[in-house]
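The values are calculated or read from the model by the stated rules, or taken from the named source; none is laboratory data. Because the structure is predicted, anything quoted here is derived from the model rather than measured. Cβ placement follows ideal geometry from the backbone for every residue including glycine, while neighbour counts extend to all protein chains displayed. Quick note on the areas: whole protein, heavy atoms, side chains included, nothing else; ligands and nucleic acids left out. Shrake-Rupley method; radii C 1.70, N 1.55, O 1.52, S 1.80 Å.
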Amino acid sequence: QVQLVESGGGLVQPGGSLRLSCAASGTIFSINEMGWYRQAPGKQRELVAVITRQGYTDYVDFVKGRFTISRDNAKNTVYLQMNSLKSEDTAVYYCNAEIRATMAPRFNEYWGQGTQVTVSS
């Protein structure tokens, strides 16, 4: 059984930093793209950043220059370094990954349980 487990959320003051981690575990054959999404209260879930297995990254405009996505393929882990946090970054952050489990015929999409990030003074 494959699962994604996030960690690193919490309460931070405006201008502060947090680093989120998401580790994939289980019987994993391969992982393609990994990414981070977020959902603020009353809003739809939205993409924040993605990273390919080769390390190519893409970000939505509102986090460019402030957030950095990275991954460690040996550890099946993706990270999101968040700097210069703003109150509007407050949301539940979800990890997402395209994973092919061992003995599975294709890649499937998996989601983590989410981790709360609150930016407030």
- Working carefully through the options Pro14, Pro41, Pro105, find the one that is in a loop (DSSP other than H, G, I, E, B) and in contact with a helix residue (DSSP H, G or I) (Cβ under 8 Å, 6 or more places away or on another chain). Pro14
- Note on the structure: The correct count of residues that are open to solvent by 70 Å² or more (accessible area, probe 1.4 Å) and closer than 17 Å to Arg66 by Cα in the stretch 15-45 is 1
- Message: Considering only the stretch 84-97, I want to know if a residue exists there that is under 15 Å from the mean Cα position of the chain (by Cα), modelled with pLDDT of 95 or more, open to solvent by 40 Å² or more (accessible area, probe 1.4 Å) and under 21 Å from Thr27 (Cα atoms).
- Response: no
- Item | Failed item, numbered, when Gly112 is tested on (1) in contact with a Ser or Thr (Cβ under 7 Å, 6 or more places away or on another chain); (2) among the small types (Gly, Ala, Ser); (3) open to solvent by less than 50 Å² (accessible area, probe 1.4 Å) | (1)
- Task: Confirm whether Ser30 is under 13 Å from Val117 (Cα atoms), in contact (Cβ under 8 Å) with a residue 24 or more places away in the chain and among the hydroxyl-bearing types (Ser, Thr, Tyr).
- Result: no
- Item | Selection count where residues are farther than 25 Å from Ser7 by Cβ and charged (D, E, K, R), scope the stretch 93-108 | 1
- Hey, does the stretch 2-11 have a residue that's surrounded by 14 or more Cβ atoms within 10 Å (Cβ to Cβ), assigned to a loop (DSSP other than H, G, I, E, B) and either touching a Pro at 6+ places or on another chain (Cβ under 8 Å) or small (Gly, Ala, Ser) (or both)? yes
- Item | Complete set of residues in the stretch 54-80 that are open to solvent by 60 Å² or more (accessible area, probe 1.4 Å) and within 14 Å of the chain's Cα centre (by Cα) | Thr57, Asp58, Thr68
